[in-house]
Amino acid sequence: MISHKDNPTDVLVIGSGVGGLTAAIILLKTGCRVTVVEKNPLPGGLMRSYQRDGIDCPVGVHYLGALAKGQPLRRMFDYLGVTSRIPVERMGSNGVIDRYIFNDFIFDLPEGISAFAANLLRAFPEERLQIDVIVKNLKYTSAKMDDFDILFAQNHDFVSLVEYIESLGSLMTNLHCSAGLRSVLGMTSTWIGIPLDECPIYYHHMALASYLSSSWRLTCSGADMADAFASRVKNLGGTLMVGDPVERVLIDKRVVEGVALKSGRVLKAKRVVGAIHPKILLGMLPEGAVKPAYIKRISNLEDTPGSFSAHFAVDAEPHQELSYNVYRVFTDGRGTISDVVFYQLRKSNLPGINLLSIITPSPSAEWNRWEHTRSNRRGDDYRVAKQQKADRLIREAAEIVGPFKGLKMLDASTHLTLRDWVNTPGGSAYGVLRSTKQLTSAAMLNRTSVEGLFLAGQSVLAPGIFGTVLGSFYTVKQMMGHKKFLEEVVL
Ligand SMILES: Cc1cc2nc3c(=O)[nH]c(=O)nc-3n(C[C@H](O)[C@H](O)[C@H](O)COP(=O)(O)OP(=O)(O)OC[C@H]3O[C@@H](n4cnc5c(N)ncnc54)[C@H](O)[C@@H]3O)c2cc1C
């Protein structure tokens, strides 16, 4: 047994992504002593940007939803005390947040559910009935999000059974929606890695409603955002240890006792929050710590796919910043999305240079030759393969916006980069796939059968900054109990 006598920490958090740092801040604010342990030399996980040729390149924060005053993410950021440290600008000033370019039509995603409904009706005038049903559901989900029903309602009906178990794809099939309408609605689910036919209505609407309520871009870097969270932890008296991965979670008789780090250090605590992928946490548990059924359930979870990202510097004058994102979308005759490419053209931190970021899926088959090598050891042919893919992407981009002046590739990364940088199994971008196919096994992932051991991070409730932050509040509620949470946390 490890003694807890001189223990300076009540809770150990594994991982300093937005999920771990959010959990740490809430726990610190409610009086716990907290230590966050991060494997990388710098905190922030996917939130953190990096520099190439002096230009800041984003990783996992391109835009954020629901940050207007009074909206859910803003209220959570206010509670966490990070709002003033994360400057943002509102998108959609010209009526467009996202432009979806399909083979035969363009659809603009505007701000506001009513404006969205109007755009849908304009694009699909014969489908008023179908659009009415979808928009009604969307408004319902949005209202529940605004109320933080999932956190505060005693017996929340946030996820009504039908919304939870039915996929939006099957609802749309039952409503006889056209291929065009399916492809527009399919964009949100595809972007969070879930095919429309497997995407629970609730997950789809939660992600879409958050961006429709208001969409924002950072005017600071992702690194600044990460530092805002990290310094908040420190200012509240928390400890942040970086560059030393957790290797093992220490458990005695199904009760958590602390963690062992790669350096050999042992940190003791009665509660541990793994703000990392559940499969990675599972690999840290001693044999016999959890039941075989739990091991099987977690090991068999399917994850969202990984992504390929490329960043290019372009001359700012001929390639002015776009205030909206562009998605090039490829579909089949049924409106099922087969491929998506995301483009964001923004001012860079250097004068006269704008940054074009492109993201697209990163199929494992393209990169499996390098699967067993670690970063920086993949050799020249890997670099060439990345360059070739980036070249193809930039040629396709030029078909949309014309030839580029002053073009320079800054960096390209595959799902293997994500896998090695933040320890996400298979390089998954959004963690566990929250599909209708594995609803039961993916439910309640923030709990484990080990006393004092919890999970946070994008896999526990929903992905994205909004879903991950909300998930951390949900995990802390689980740790404290409903009554204490209501007393302590006011949003
Ligand atoms: C390409 C891409 C684009 C995205 N774009 C957006 C966007 O525009 N808007 C949006 O809202 N969301 C976006 N997301 C999703 C969003 O970034 C994530 O949902 C969110 O950042 C996940 O946070 P997390 O804390 O769960 O995980 P992570 O950020 O992955 O944090 C986990 C942390 O745990 C650490 N760790 C892992 N193993 C160990 C260990 N053994 N010991 C110690 N530490 C460990 C990792 O190093 C990491 O720092 C994007 C994601 C990707 C991949």
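Bear in mind that the values in this text are calculations on the coordinates, not laboratory data. Only a predicted model underlies this, so the values are computations on that prediction, with no experimental measurement involved. Here the Cβ is made from the backbone with ideal geometry for all residues, glycine too, and neighbour counts use every protein chain on show.
Numbers for the structure displayed
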read-out: Dimensions in Å of the chain - Rg and Dmax from alpha carbons; value: 22.2, 70
read-out: Estimated FRET transfer efficiency when R0 is 41 angstrom, pair A115-K262 (beta carbons, to 0.05); value: 0.20
read-out: Footprinting exposure proxy for H204, H319 (fewest neighbouring C-beta atoms within 10 Å first); value: H319, H204
read-out: Zone residues, region 331-373, relative to H62, backbone N less than 13 Å from point 7 Å out along Cα-to-Cβ; value: 340-346, 356-362
read-out: DSSP-defined beta bridges in the chain - what % are antiparallel, rounded to 5; value: 70
read-out: Percentage of interatomic Cα-Cα distances in region 420-491 larger than 21 Å; value: 31
read-out: For H372, H415, order by how many other beta-carbon atoms lie within 10 Å, fewest first; value: H372, H415
read-out: Net lengthening on full extension, A398/R122 (0.36 nm per residue, minus Cα-Cα); value: 96.5 nm
read-out: Residues with amide H under 5 Å from that of G406, placed H, sequence gap 5 or more; value: D315
read-out: Computed [θ] at 222 nm, helices only, for the chain once each DSSP H run of length n ≥ 4 contributes -39500 (n - 2.57); value: -11000 deg cm²/dmol
read-out: Relative contact order [Cα under 8 Å, 6+ residues apart], region 1-127, whole percent; value: 13
read-out: E321-H372 pseudo-label distance in nm [points 7 Å out on the Cα-to-Cβ vector]; value: 4.7
read-out: C-alpha center-to-center spacing [region 411-449, region 222-285] in angstrom; value: 18
read-out: Size descriptor, Kirkwood hydrodynamic radius, that averages inverse alpha-carbon separations across region 123-278, Å; value: 19.5
read-out: Sparsely packed GluC sites (Glu not before Pro) within region 280-373, loop by DSSP, other Cβ within 10 Å at most 12; value: E287
read-out: Virtual spin-label span in nm between A443 and R33, 7 Å along Cα→Cβ; value: 3.9
read-out: Summed residue charge, Cβ within 14 Å of E302's Cβ, Lys/Arg positive, Asp/Glu negative; value: +3
read-out: Neighbour-limited loop hits for trypsin sites (Lys or Arg not before Pro), region 403-439 (at most 11 other Cβ within 10 Å; DSSP other than H, G, I, E, B); value: K405
read-out: Rg to Rh, two decimals, where region 7-144 supplies the alpha carbon set and Rh follows Kirkwood; value: 1.09
read-out: Residue exposure sequence - S472, S170, S362 - by fewest surrounding Cβ within 10 Å; value: S170, S362, S472
read-out: Spin-label pair D149/L407, simplified geometry with 7 Å Cα→Cβ offset, distance in nm; value: 4.8
read-out: Cross-link table K234/K270; K262/K386; K29/K483, entries beyond 23 Å C-alpha to C-alpha; value: K262/K386
read-out: HN-Hα J in Hz across region 214-225 - Karplus 6.51, -1.76, 1.60, θ = phi - 60°, x for Gly and Pro; value: 4, 10, 9, 10, 5, 9, 9, 8, x, 5, 5, 5
read-out: Charge tally in the Cβ shell below 15 Å around R378, where Lys, Arg are +1 and Asp, Glu are -1, R378 excluded; value: +1
read-out: Cα pair distances exceeding 20 angstrom across region 339-491, given as percent; value: 64
read-out: Derived scalar couplings ³J(HN,Hα) [region 375-387; Karplus, 6.51 cos²θ - 1.76 cosθ + 1.60; whole Hz; x for Gly, Pro]; value: 4, 6, 10, 8, x, 5, 5, 5, 4, 5, 4, 5, 4
read-out: Cα coordinate range in region 249-380, projected on the principal axes (Å, largest first); value: 65, 44, 34
